[in-house]
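A.B. asks: Structure incoming, see below.
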Amino acid sequence: MARAGSTHLSNKSPFRTATLWLIWGWLLIFALLPNILVIIVSFLSRDSSDFISLPVSIDSYVRMIDPLYFDVFVHSLWMAGITTVICLLLGYPFAWLVSKTKARWQPLLMLLLILPFWTNSLVRVYALKLLFATNGLINKALLAIGIIDTPIDMLYTQGAVIVGLIYLLFPFMVLPLYAVFTDLRNDMLLASQDLGASKPQTFWHIVLPLTTPGIISGVLLVLLPAMGMFYVADILGGSRNLLVGNIIKNQFLDARDWPFGAAASVLLTLAMAVLLLAYRASSRRIGKTDFNEVA
């Protein structure tokens, strides 16, 4: 029996080795190498014919403090921040309610949450445009009911961009929060109540600290993508409500300034690294060592 077991394990070893090599090769070629190339390009100079050239320069990073681009970064961060806060305020109680429903209903509720992902996000954004347009469904309904006399300008506004971002990114906030709520132990909540803690005290001292990794995961999955979804700003916001993704796209495709576009991409990558470190710190604080689930 022991010999048969060892033979069985040895037969699995080549497959396991090949799988590990495949995973590491994929990560190196399609994740690490592209990021290294972007970092290298960000320190090169712009060339009208070859896109990039020597000498090495930090001018692309210096340009970030130019008021023209700095204002776009601040405005983009502002819209992404509002989107993240609203997703958190809506997603936190939503994930808690789903985790407290009967076990047989939870898969159905989560399926309904991710069901819109079966349709391309670009198509869904255009659907929102049909709703927000001056002659769109919302204005027509309000005019028919008699609530308004003239159509409301909803399209090409900051609010339209934020609503579009919330619509697309809300599930990314709920999923990690739902995961931490399902792992939350009821005996800790009961022990808090037995010790005389009120519900607000239990939430503040028990629930909130234990769900902090889920909160940071949700912020990580919402904040940075919200700053990069240039097509949402293009379709719903017009030229007055740009995101960082619009700058990156314009620099690579229109202005042909690859070093500056790469520098903007590097800043977003650094922001992601900061949030990952915050997630790791919060996980260690509650004694949780597996922080790879954020991916």
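The values are calculated or read from the model by the stated rules, or taken from the named source; none is laboratory data. Computed from a predicted model, the values in this text were never measured in an experiment. Positions of Cβ are backbone-derived with ideal geometry, glycine not excepted, and every protein chain shown enters the neighbour counts.
A.B. asks: Hey, among L28, L33, L90, L37, which residue is under 24 Å from F170 (Cβ atoms), modelled with pLDDT of 90 or more and within 25 Å of the chain's Cα centre (by Cα)?
C.D. replies: Working: L28 fails: under 24 Å from F170 (Cβ atoms); L33 fails: under 24 Å from F170 (Cβ atoms); L37 fails: under 24 Å from F170 (Cβ atoms).
So the residue among L28, L33, L90, L37 that is under 24 Å from F170 (Cβ atoms), modelled with pLDDT of 90 or more and within 25 Å of the chain's Cα centre (by Cα) is L90.
A.B. asks: Within the stretch 157-202, count every residue that is closer than 30 Å to T83 by Cβ and surrounded by 15 or more Cβ atoms within 10 Å (Cβ to Cβ). Steps first, answer last, please.
C.D. replies: First pass over the stretch 157-202, keeping only residues closer than 30 Å to T83 by Cβ: 157-184, 199-200, 202.
After this cut, where a residue has to be surrounded by 15 or more Cβ atoms within 10 Å (Cβ to Cβ) as well, the list is 157-181, 184, 202.
Selection size over the stretch 157-202: 27.
A.B. asks: Then there is this: Within the stretch 98-107, is there a residue that is assigned to a helix (DSSP H, G or I) and either β-branched (V, I, T) or under 29 Å from G238 (Cβ atoms) (or both)?
C.D. replies: We begin by selecting, within the stretch 98-107, every residue assigned to a helix (DSSP H, G or I); these are 98-100, 106-107.
Restricting the remaining residues to those that are either β-branched (V, I, T) or under 29 Å from G238 (Cβ atoms) (or both) gives 98.
For the stretch 98-107, residues assigned to a helix (DSSP H, G or I) and either β-branched (V, I, T) or under 29 Å from G238 (Cβ atoms) (or both): present.
A.B. asks: For the stretch 217-236, indicate whether the set of residues that are crowded, with 22+ Cβ neighbours inside 10 Å and modelled with pLDDT under 85 is non-empty.
C.D. replies: No, the stretch 217-236 contains no residue that is crowded, with 22+ Cβ neighbours inside 10 Å and modelled with pLDDT under 85.
A.B. asks: Oh, and also: Tell me yes or no: at least one residue of the stretch 140-152 is hydrophobic (A, V, I, L, M, F, W, C), touching a residue at least 24 places away in the same chain (Cβ under 8 Å) and on the phi < 0 side of the Ramachandran plot. Give the steps one after another, and end with the answer.
C.D. replies: First, the residues of the stretch 140-152 that are hydrophobic (A, V, I, L, M, F, W, C): 141-145, 147-148, 152.
Right, trim to touching a residue at least 24 places away in the same chain (Cβ under 8 Å) and you get none.
Looking through the stretch 140-152, none of the residues is hydrophobic (A, V, I, L, M, F, W, C), touching a residue at least 24 places away in the same chain (Cβ under 8 Å) and on the phi < 0 side of the Ramachandran plot.
A.B. asks: Give the residue that is surrounded by the fewest Cβ atoms within 10 Å (Cβ to Cβ), with candidates limited to residues of the stretch 27-78 that are out of contact with any helix residue (DSSP H, G or I) (no Cβ under 7 Å at 6 or more places or on another chain) and among the small types (G, A, S). Walk me through how you get there before you give the answer.
C.D. replies: Quick first cut of the stretch 27-78, residues out of contact with any helix residue (DSSP H, G or I) (no Cβ under 7 Å at 6 or more places or on another chain) only: 27-34, 36-37, 40, 43, 47-50, 53-59, 62, 65-68, 71, 74-75, 78.
Within this subset, residues satisfying the condition of being among the small types (G, A, S) are 31, 48-49, 53, 57.
Details: A31: 10, S48: 8, S49: 6, S53: 12, S57: 14.
Among those residues, the one meeting the criterion is S49.
A.B. asks: Also, quick follow-up: Give the stretch 53-73 a look and list any residue that's without any contact (Cβ under 8 Å) to a residue 12 or more places away in the chain, over 19 Å from M227 (Cα atoms) and in a helix (DSSP H, G or I), or say none. Steps first, answer last, please.
C.D. replies: First pass over the stretch 53-73, keeping only residues without any contact (Cβ under 8 Å) to a residue 12 or more places away in the chain: 53-55, 62, 65-68, 70-71.
From the residues that got through so far, the ones that are over 19 Å from M227 (Cα atoms) too are 53-55, 62.
Within the stretch 53-73, just V62 meets the criteria.
A.B. asks: Right, next: Please enumerate the residues belonging to the stretch 29-52 that are of a type outside the set (V, I, T), closer than 18 Å to R256 by Cβ and not in a strand (DSSP E or B). Spell out the reasoning first.
C.D. replies: First, pick out the residues of the stretch 29-52 that are of a type outside the set (V, I, T): 30-35, 37, 42-51.
Then drop every residue that is not closer than 18 Å to R256 by Cβ, which leaves 37, 42-51.
Result: L37, S42, F43, L44, S48, S49, D50.
A.B. asks: If you don't mind, another one. Working carefully through the options Y178, Y167, Y92, Y156, find the one that is among the hydroxyl-bearing types (S, T, Y), within 30 Å of G238 (Cβ to Cβ) and assigned to a helix (DSSP H, G or I). Spell out how you get there, then give the answer.
C.D. replies: On the way: Y178 fails: within 30 Å of G238 (Cβ to Cβ); Y92 fails: within 30 Å of G238 (Cβ to Cβ); Y156 fails: assigned to a helix (DSSP H, G or I).
So the residue among Y178, Y167, Y92, Y156 that is among the hydroxyl-bearing types (S, T, Y), within 30 Å of G238 (Cβ to Cβ) and assigned to a helix (DSSP H, G or I) is Y167.
A.B. asks: Continuing with this model, one more query. Check T83, T101 and return the single one that is exposed (fewer than 15 other Cβ atoms within 10 Å of the Cβ) and within 29 Å of S217 (Cα to Cα). Walk me through it before giving the result.
C.D. replies: Values: T83 fails: exposed (fewer than 15 other Cβ atoms within 10 Å of the Cβ).
Checking each option against the conditions leaves just T101.
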